[in-house]
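Nothing in this text is a laboratory measurement; each read-out follows from the coordinates by a stated rule. Please read all numbers here as calculations on a predicted model, not as lab measurements. Methodologically, a virtual Cβ is constructed for each residue, glycine included, from the backbone with ideal geometry; neighbour enumeration extends over all protein chains shown.
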Amino acid sequence: MKEILAQISKSFELKDELIAKVDNEEKLIHLLSLYIQELINTDFEHLLYLLYKIDVGEKKVKEAIMNSKPEEAHIIIAKMILKREKEKVETRKKYKVNKENTDWIF
């Protein structure tokens, strides 16, 4: 959870005091969904920029929004963001280079 929080904090430039209050996925989705709802209402272009930056597919987001109730769109987007950020963390873990053992073995 720690790595996911760090990744989301980096992507969204969230304040440390907001992230410190999050200790499970439910709270994280709630926090993200509130932020996303605010962006939908005030700065939709910035939301699109963040989704592009995080690499959440625009087509998937549009499909999810079209197939949901309008009052649930921000929650669905938050879940999609969390899923993508988890994938990034897992990929980094999978391909992490062990810096302690950098000797070549022949």
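Things to note:
- Loop-exposed trypsin sites (Lys or Arg not before Pro) per DSSP, neighbour cap 14 Cβ within 10 angstrom, longest uninterrupted part of the chain: 22-95
- Dipole size of the chain about its Cα centre, with +1 on Lys/Arg Cβ and -1 on Asp/Glu Cβ: approximately 380 debye, rounded to the nearest 20.
- In terms of distances greater than 24 angstrom between alpha carbons, the cross-link table entries 2/93; 59/86; 2/96; 59/94; 53/79 yield 59/94.
- The chain - percent relative contact order, Cα under 8 Å, separation 6 or more: 32 percent
- Computed label-point distance, nm, for sites residue 3 and residue 86 using a 7 Å Cα→Cβ extension: 1.4 nm
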